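> Mind having a look at this structure? Questions to follow.
The values are calculated or read from the model by the stated rules, or taken from the named source; none is laboratory data. Here the structure is a predicted model, which means the values were calculated and not measured. Cβ coordinates were reconstructed from backbone atoms using ideal geometry, including for glycine residues, and neighbour counts include every protein chain displayed. Areas reflect the complete protein model, heavy atoms only, side chains present, ligands, DNA and RNA absent. Shrake-Rupley method; radii C 1.70, N 1.55, O 1.52, S 1.80 Å.
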Amino acid sequence: MRRFLTDPSQARYRRAWLLLLLFTVVLLGIGIGLRDPWPADEPRFALNALEMLRTGQFWFPHRGGELYPDKPPVFMWASALSIWLTGSVRWGFLIPTTLAGVGTLLLVVDLCRRLHGRRVALLSGLALLTAFQFVLQAKTAQIDMMLTFFTTLASYGLLRHALLGPDRCWWLIGWAAMGLGIITKGVGILPLTLLPAWLWMGYLGDFRKNARGKITRITLKDAIRGIGVMLLCVAAWAVPMVLMATWGDDPSLAAYRDNILFKQTGQRYADSWAHLEPWYYYLVKVLPWAWMPLILAFPWAIPAWWRRLRRSDARIWLPLSSVVLIVTFFSLSPGKRGVYMLPTVPLLVLAMAPLLPGLIARKRLHWLGFGLLALLGGLLLIAGILGLAGLPALTKIAERHAVSPWAWWIVIGAVAVGLLVVMRPRRGLWALGSWLAVFWISWSTWGYALQDHARSPRDMMAEVESITGAGAWLALPDYDEEFLLQSRQPSIQFGDKTPAQDQFLRAFAWLQQDDSRWMFAMKRQAEDYACIDQTLIHDMGIQNGDAWWLVPATAVGECRGDEAAAPIFVAPTTLPDETGSAPRV
């Protein structure tokens, strides 16, 4: 690849591009089918998709038989399609994010080729594949990778029009992508952060010039058309949803409408009730690892950016200003999650792209890459050796998480040492990039095999079925989605927003109606009820950090139940389908 990057010939570029594409597909796709959905978010979205396929209700996502109003349905649709095509949750649930990651890289590489040339395009693709958060999220079945694809597509379309245009077709495609992003996750409008710098450079005198000529001005007519296209895409889902919720005979649909349109958008941003963090959270706790190792280049990139900004280079101004505004936008909200920074990574690569040839020639930057690899590899190697030797602190951690990764850590630590010895400091960046590829491949194979039994309750729920019998009904008070997803028998839950105490009161009343019923509950919650006969319970062990009890109906005969304390929802994914077989997870 390094040899190809120095050769401008068309044939060599095509071969290098194909190698990059193949490497991307392998790096991001390896591991599909090797694990189950892991908490916190993956089981929830897999459950949404599986219920869509089971019930045929695609417009209103459900979870455990209950409406799920927290997110629009586009990601669930994609997950349902991939699960349907593969015939398995295990094989299908990761495909949408993998494809979104590949698509995001294609967009970044193509735009860099058009703006900066072939060599820079290939380097930009490699730079994106080294970004830790990008690869991590491409291997995680969360909405944010698909959102990032749509925001990157929108940015691609707008930047094609701004810097290589006028190209009104791509301008409208960009607005359409924003509309799809909105109905994927409400912040699909993030590419609008390109507009302040664009308007400034397009309308204020000398700033209209950039390295390739004039920047395309935004006209009122174009703006109206773009907004119209975006609203049409949103309306394709929102209008039928609002009509069905408003004039339907199910009052829960109206609650879904209000939640998804208001609470999960403006209220969630301005008055968030979860993930509360200080304003500097992203700057201090997220970006240093999310942008790693790209952030190592900042001591040289920042002065280079400043010089290009002073020359009014719109190719730098637009993506870089967008990164700053997105970080600022999310920092102003009290509710923060690290994954919110994912859409900034492709934009950061676009802003850094023209600097990459010079950056990879910096000896000190290679030394930084060498030092980072020595730190990461050394820590893993030492921790693996100490864990294998039985260091008490590490042994306790392994017991709590039911994972002993010592051999894996030793191997990838030893790989790091080998790369450091062979490539030495003068090729530290290439050593770091090579090690990251080894790390992600081993994470998606060896790492999955080590962790899956601890992070997925597949085996535990199979044991529950063997104890209760396949047809026995199971109650899951204050449930986690991964248990409901893996349940192999008819299961009920009592409402995601219902207080845990009320759920147990309803569960007791339900159990007392039939001695063949069972309850699966967290030990620390069930222990609060002295009325439960602990001589009859089955201790199922620890899963995801909590101990679990399987409680027969005969053990709660002395407990006070209340049939009015909570609703009951039957999880359709736990019921046999029309062929009489259980769902394939």
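> Would you check if A437 is over 27 Å from I542 (Cβ atoms), part of a helix (DSSP H, G or I), in contact (Cβ under 8 Å) with a residue 40 or more places away in the chain and within 25 Å of the chain's Cα centre (by Cα)?
yes
> Now a separate question. Checking E463 against (1) assigned to a helix (DSSP H, G or I); (2) open to solvent by 30 Å² or more (accessible area, probe 1.4 Å); (3) touching an Asp or Glu at 6+ places or on another chain (Cβ under 7 Å), only one condition comes out false. Which one?
Going through the list (1) assigned to a helix (DSSP H, G or I); (2) open to solvent by 30 Å² or more (accessible area, probe 1.4 Å); (3) touching an Asp or Glu at 6+ places or on another chain (Cβ under 7 Å), E463 breaks only (3).
> Further, regarding this structure: Residues in the stretch 527-544: is at least one more than 14 Å from M461 (Cβ to Cβ), within 28 Å of the chain's Cα centre (by Cα) and open to solvent by 60 Å² or more (accessible area, probe 1.4 Å)?
Yes, that holds for at least one residue.
> Check off (1) of a type in the set (A, V, I, L, M, F, W, C); (2) within 20 Å of H62 (Cα to Cα); (3) outside any helix (DSSP H, G or I); (4) touching a Leu at 6+ places or on another chain (Cβ under 6 Å) for L485 and give me the number that stays unchecked.
So L485 meets the others, but not (3).
> Specify the residue that is modelled with the lowest pLDDT; the eligible residues are those in the stretch 331-383 that are touching a His at 6+ places or on another chain (Cβ under 9 Å), outside any helix (DSSP H, G or I) and within 30 Å of L192 (Cα to Cα).
Residue satisfying both the conditions and the ranking: G335.
> If I go through the stretch 494-524 residue by residue, how many of them are part of a loop (DSSP other than H, G, I, E, B), closer than 14 Å to Y479 by Cα and open to solvent by 40 Å² or more (accessible area, probe 1.4 Å)?
3
> Go over the candidates L287, L309, L386 one by one and state the one that is closer than 26 Å to R119 by Cβ and in a helix (DSSP H, G or I).
The match here is L309.
> Determine if the stretch 110-119 includes at least one residue that is under 25 Å from S444 (Cα atoms), open to solvent by 30 Å² or more (accessible area, probe 1.4 Å) and of a type in the set (K, R).
No; the residues of the stretch 110-119 include none that is under 25 Å from S444 (Cα atoms), open to solvent by 30 Å² or more (accessible area, probe 1.4 Å) and of a type in the set (K, R).
Conditions tested, residue by residue: (1) farther than 28 Å from A402 by Cα; (2) at pLDDT 95 or above.
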{"site": "D533", "(1), (2)": "yes, no"}
{"site": "Q543", "(1), (2)": "no, no"}
{"site": "A547", "(1), (2)": "no, no"}
{"site": "P552", "(1), (2)": "no, yes"}
{"site": "E558", "(1), (2)": "yes, no"}
{"site": "A564", "(1), (2)": "yes, no"}
{"site": "L575", "(1), (2)": "yes, no"}
{"site": "T579", "(1), (2)": "yes, no"}
{"site": "P583", "(1), (2)": "no, no"}
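> Using beta carbons and a limit of 6 Å, which pairs, at least six apart or on different chains, have the first residue in the stretch 371-392 and under 16 Å from G433 (Cα atoms) and the second one of a type outside the set (A, V, I, L, M) and surrounded by 15 or more Cβ atoms within 10 Å (Cβ to Cβ)?
L373/W435; G377/G413
> Would you check which residues across the stretch 312-330 are assigned to a helix (DSSP H, G or I), open to solvent by less than 20 Å² (accessible area, probe 1.4 Å) and not aliphatic (A, V, I, L, M) and list them?
Result: P319, S322, F330.
> Just to be sure, is G413 surrounded by 22 or more Cβ atoms within 10 Å (Cβ to Cβ) and either in contact with a Ser or Thr (Cβ under 9 Å, 6 or more places away or on another chain) or modelled with pLDDT of 95 or more (or both)?
Criteria not met by G413.
> Being aromatic (F, W, Y), within 28 Å of I83 (Cα to Cα) and either buried (at least 23 other Cβ atoms within 10 Å of the Cβ) or modelled with pLDDT under 95 (or both) is the filter here; which residues of the stretch 129-179 pass it?
Residues satisfying the conditions are F134, F149, F150.
> Taking the residues in the stretch 1-30 that are open to solvent by 70 Å² or more (accessible area, probe 1.4 Å) and of a type in the set (K, R) as candidates, determine which candidate is modelled with the highest pLDDT.
R15
> Failed condition for D36, given (1) open to solvent by less than 10 Å² (accessible area, probe 1.4 Å); (2) part of a helix (DSSP H, G or I), with all others met?
It fails just one condition, (2).
> Name the pairs whose Cβ atoms lie under 8 Å apart, with the first residue in the stretch 114-131 and within 15 Å of L347 (Cα to Cα), the second acidic (D, E), and 6 or more positions between them or separate chains?
Listed by first residue and then by second, the contacts come to A121/D110.
> Scan the stretch 274-294 and report the pairs whose first residue is at negative phi and whose second residue is β-branched (V, I, T) and open to solvent by 50 Å² or more (accessible area, probe 1.4 Å), with Cβ atoms within less than 9 Å and a gap of 6+ or a chain change.
If the second residue must be β-branched (V, I, T) and open to solvent by 50 Å² or more (accessible area, probe 1.4 Å), the pairs left are P278/V284.
> Tell me, please, whether a residue that is among the aromatic types (F, W, Y), in a helix (DSSP H, G or I) and modelled with pLDDT under 95 can be found in the stretch 290-301.
Within the stretch 290-301, none of the residues are among the aromatic types (F, W, Y), in a helix (DSSP H, G or I) and modelled with pLDDT under 95.
> Also: Please pick out the residue among T130, T151, T193 that is within 23 Å of the chain's Cα centre (by Cα), of a type in the set (V, I, T) and closer than 30 Å to L373 by Cα.
Result: T130 is the single residue among T130, T151, T193 that is within 23 Å of the chain's Cα centre (by Cα), of a type in the set (V, I, T) and closer than 30 Å to L373 by Cα.
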